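Below you'll find the structure, written out as structure tokens, and then a few comments.
The values are calculated or read from the model by the stated rules, or taken from the named source; none is laboratory data. Bear in mind the structure is a predicted one, so any value in this text is a computation, not a measurement. No Cβ is skipped: glycine too gets one built from the backbone with ideal geometry, and neighbour counts run over all protein chains shown.
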Amino acid sequence: AGPGAPGVAEHATALRAGLAAELPAYAVPARFVRLDRLPLTANGKRDSSAVMAIVEGSEADGMGAERVAPAHVAPRTSVESAIAGVWSEVLKRPAVGVNDNFFELGGHSLSAIRVLGRLSATLGVRLPLRTLFDHPTVAGLATQVELERRLAALEHMSDEEAQRLLDSQQPGEAGA
């Protein structure tokens, strides 16, 4: 089958899901490249540099390469934008979407520490390292940042203020 064969994206999605069920998130490939055949050297051995050129986006005539990666969804909130910007800077990626996985983009524990430090300075929220491992997408991490901000706001409220907030969140009683 040549490039654009029906079902390539579906196969990549199924492969990604299968690997995710067996491997930790950081070990699941960020993208898949389908080739009709591997490029070979004149001696008939696999041409590693040609394979890397294909993976990195260079054209490889006659190899039938097709990249399959998740669809890009741009950040929707200021928190998602801030997180995506920090990831883009630390991971040296031009565009990071809300569903992109930190580890699939090449992140690791040391880059995670850098990200969390920059997010602390940018957003004023300190998150434990485990948070990024448990919520490795921009959207997931943004949810945790928002939660942490709400919890911080609650900690500074008096008991009376917290009770008023709780009362305002509960539906009114009918017939009163």
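A few notes on this one:
- Of the residues examined, Gly124 is one that is more than 30 Å from Ala27 (Cβ to Cβ), at pLDDT 90 or above and of a type outside the set (Asp, Glu).
- Conditions (1) within 24 Å of Gln144 (Cα to Cα); (2) β-branched (Val, Ile, Thr); (3) modelled with pLDDT under 70; number of the one not met by Thr77: (3)
- No other residue among Ala21, Ala14, Ala25 is of a type outside the set (Ser, Thr, Tyr), modelled with pLDDT of 70 or more and closer than 30 Å to Leu123 by Cβ apart from Ala25.
- Residue within region 156-174 that is touching a residue at least 12 places away in the same chain (Cβ under 8 Å) and of a type in the set (A, V, I, L, M) present: no
- Residue count, region 91-114 (criterion: over 17 Å from Pro75 (Cα atoms), touching a residue at least 24 places away in the same chain (Cβ under 8 Å) and not charged (D, E, K, R)): 4
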